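A.B. asks: Here it is, the structure in full.
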Amino acid sequence: MPVVRIPTPLRPHAGGVDKLDLAGSTVKELFDRLGEAHPALRERLFDGEELRRFVNVYVNDEDIRYLEDLETPVAPGDEVSIIPAVAGG
Amino acid sequence: MPVDSLERYSRQMRFPALGKAGQEALCKSTVAVCGCGALGTVLANHLARAGVGKLRIIDRDFIETHNLQRQILFDEDDVASNLPKAEAAARKLRAINSTITIEPVVTDIDHTNILALVSDADLILDGTDNFETRYLINDAAVKLGKPWIYGGVIGSEGQTMTILPGETPCLRCLIETAPPPGMTPTCETAGVLGPAVSVIASFEAIEAIKILSGARAALNPCLIMVDVWDWTFRQLKIANLLGKVDCPCCKGRKFEWLEGGQGSHTTTLCGRNAVQVAVRRDEPLDFPELASRLASFAEVRHNAFMLRFAAEGHEFTVFPDGRAIIKGTNDVTRARTLYSQFIGS
């Protein structure tokens, strides 16, 4: 299964885990599964059906915005990363 | 600078990719360090030691004891002396390297002053702790065509990217809008580890040295993400965002923060239970006059850089430019009221 990596600030909304193994063949399907298991996490990432504009998603090392956005296909072993904006400093 | 004085940089000049020519270029450079907290102190420390000819250190804040865990240029004496961060940093940096020019500027970077603060700089460095200022830096850098380096840290993780306007994606290509307050954790809410900040600021500093010494080919074109607790280091490919994303800033040349349409001058300092109230003044505040006015009901302390008093359960820190940081509230309206009540409008 593809794995979705959860950044530290969002882990409290994902039951404390740093990654989730989720079934699906596109990024959208993975996030649908993620939303069923952790609705509060989905709320942080999505505004309705759209990704929030300060949240970026990468499949392996590539930004999905220049792949096929949420329809970007994923295969077993692929790593999907949620990259939040980091404010501090 | 006489040639002999380059001796102090001999160990880095022996590094072949820098060399004497690279060092001489560093010595002729001007850098604006925006924000002198955790990232900014590490950045300024590296660049002053490396011999960057002129450093402008811009910061709006004063030093508190809880800063000392990670803000490497400050010590307990600075807290006791009520020094603004920019001034305290300048004193340390001059002791570290007296052959360079350090210019401290105690101000809040906003759309009215940023162009003047960065227009003579060869490079702008992000030592800030908030997205409002970062988007403002991004607007200014893109408009002026100047390179800048973004860095952000929270907890044990951080990210950095180098922006060469027109050549690489800008901050808005990467993150189109700033997260609304409360949607992302801050160092005050989620904590931050000193070494995590040092790692990210050191990456920013090395990319700065490459840019200033003319070694742009060695720059890292990725968004770098590091977690020092989990030992993860990732380089995300972002170069394609430049062409793909319809960026309002670097493609549309629409500078929303610079034009003052975004961001506000009076802001909650997130997670600190404090509000910064900024009132633009033509003349600097007269501290002795203000102190005598407040003396009947509050104990007032002031030096050349700031004036502090407590009233109605709030601590007020006032700067000569009219700004005040009011602790004990997150309510902007309440803070404005307190400001007019005690400081005046």
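A.B. asks: I'd like to verify a number: residues in segment B:185-199 that are at the interface with chain A (Cβ under 8 Å from one of its Cβ atoms) and at pLDDT 85 or above, how many?
C.D. replies: Looking only at that region, the number is 2.
A.B. asks: From the residues in segment B:280-294 that are out of contact with any Gly (no Cβ under 7 Å at 6 or more places or on another chain) and open to solvent by 50 Å² or more (accessible area, probe 1.4 Å), which one is modelled with the highest pLDDT?
C.D. replies: By that ranking, first place goes to B:Pro288.
A.B. asks: Within the group B:Arg293, B:Arg336, which residue is out of contact with any Cys (no Cβ under 7 Å at 6 or more places or on another chain), within 29 Å of B:Cys187 (Cα to Cα) and not in a strand (DSSP E or B)?
C.D. replies: Of the residues listed, the single one that is out of contact with any Cys (no Cβ under 7 Å at 6 or more places or on another chain), within 29 Å of B:Cys187 (Cα to Cα) and not in a strand (DSSP E or B) is B:Arg336.
A.B. asks: Here's another thing I want to ask about it. For segment B:227-236, check the following and say yes or no: at least one residue is assigned by TED's automatic domain parsing to the domain that holds B:Leu338 and hydroxyl-bearing (Ser, Thr, Tyr).
C.D. replies: For segment B:227-236, residues assigned by TED's automatic domain parsing to the domain that holds B:Leu338 and hydroxyl-bearing (Ser, Thr, Tyr): absent.
A.B. asks: If I filter segment B:7-26 down to residues being in contact (Cβ under 8 Å) with a residue 40 or more places away in the chain and open to solvent by less than 70 Å² (accessible area, probe 1.4 Å), which single residue comes out as nearest to B:Arg134 (Cα to Cα)?
C.D. replies: Applying the filter and picking the extreme gives B:Leu26.
A.B. asks: Something else about it: From B:Phe342, B:Phe319, B:Phe297, which residue is surrounded by fewer than 20 Cβ atoms within 10 Å (Cβ to Cβ), at negative phi and not β-branched (Val, Ile, Thr)?
C.D. replies: Answer to the check: B:Phe297.
A.B. asks: Quick one: in segment A:1-53, which of the residues that are within 21 Å of A:Ala87 (Cβ to Cβ) and touching a Ser or Thr at 6+ places or on another chain (Cβ under 6 Å) is nearest to the other protein chains (Cβ to nearest Cβ)?
C.D. replies: Residue satisfying both the conditions and the ranking: A:Arg53.
A.B. asks: Looking only at segment B:235-279, filter to residues that are at positive phi and either open to solvent by 50 Å² or more (accessible area, probe 1.4 Å) or more than 12 Å from chain A (Cβ to nearest Cβ) (or both); which one of those is modelled with the lowest pLDDT?
C.D. replies: It comes out as B:Gly263.
A.B. asks: Report, by residue number, each residue of segment B:195-218 that is of a type in the set (D, E, K, R), out of contact with any Asp or Glu (no Cβ under 8 Å at 6 or more places or on another chain) and touching a residue at least 24 places away in the same chain (Cβ under 8 Å).
C.D. replies: B:Glu207, B:Arg216
A.B. asks: Do the conditions hold for B:Ile206, that is, is it at pLDDT 90 or above and in contact with a strand residue (DSSP E or B) (Cβ under 6 Å, 6 or more places away or on another chain)?
C.D. replies: Against the criterion (at pLDDT 90 or above and in contact with a strand residue (DSSP E or B) (Cβ under 6 Å, 6 or more places away or on another chain)), B:Ile206 does not qualify.
A.B. asks: Would you check if B:Leu258 is within 23 Å of B:Asp78 (Cβ to Cβ) and in a loop (DSSP other than H, G, I, E, B)?
C.D. replies: No; evaluated as a whole, the condition is false for this residue.
A.B. asks: Another question about this same structure. Using beta carbons and a limit of 8 Å, which pairs, at least six apart or on different chains, have the first residue in segment A:24-43 and of a type in the set (Lys, Arg) and the second one open to solvent by less than 70 Å² (accessible area, probe 1.4 Å)?
C.D. replies: Correct list of pairs: A:Lys28/A:Leu70; A:Arg33/A:Leu22; A:Arg33/A:Ala23; A:Arg33/A:Gly24; A:Arg42/A:Phe31; A:Arg42/A:Leu34; A:Arg42/A:Gly35.
A.B. asks: Report, by residue number, each residue of segment B:209-227 that is β-branched (Val, Ile, Thr) and away from chain A (no Cβ under 11 Å).
C.D. replies: Matches in segment B:209-227: B:Ile209, B:Ile211, B:Ile224.
The values are calculated or read from the model by the stated rules, or taken from the named source; none is laboratory data. If you're wondering where the values come from, they're calculated on a predicted model, not measured in any experiment. Here the Cβ is made from the backbone with ideal geometry for all residues, glycine too, and neighbour counts use every protein chain on show. The area values use the complete protein model at the heavy-atom level, side chains included, leaving out ligands, DNA and RNA. Shrake-Rupley method; radii C 1.70, N 1.55, O 1.52, S 1.80 Å.
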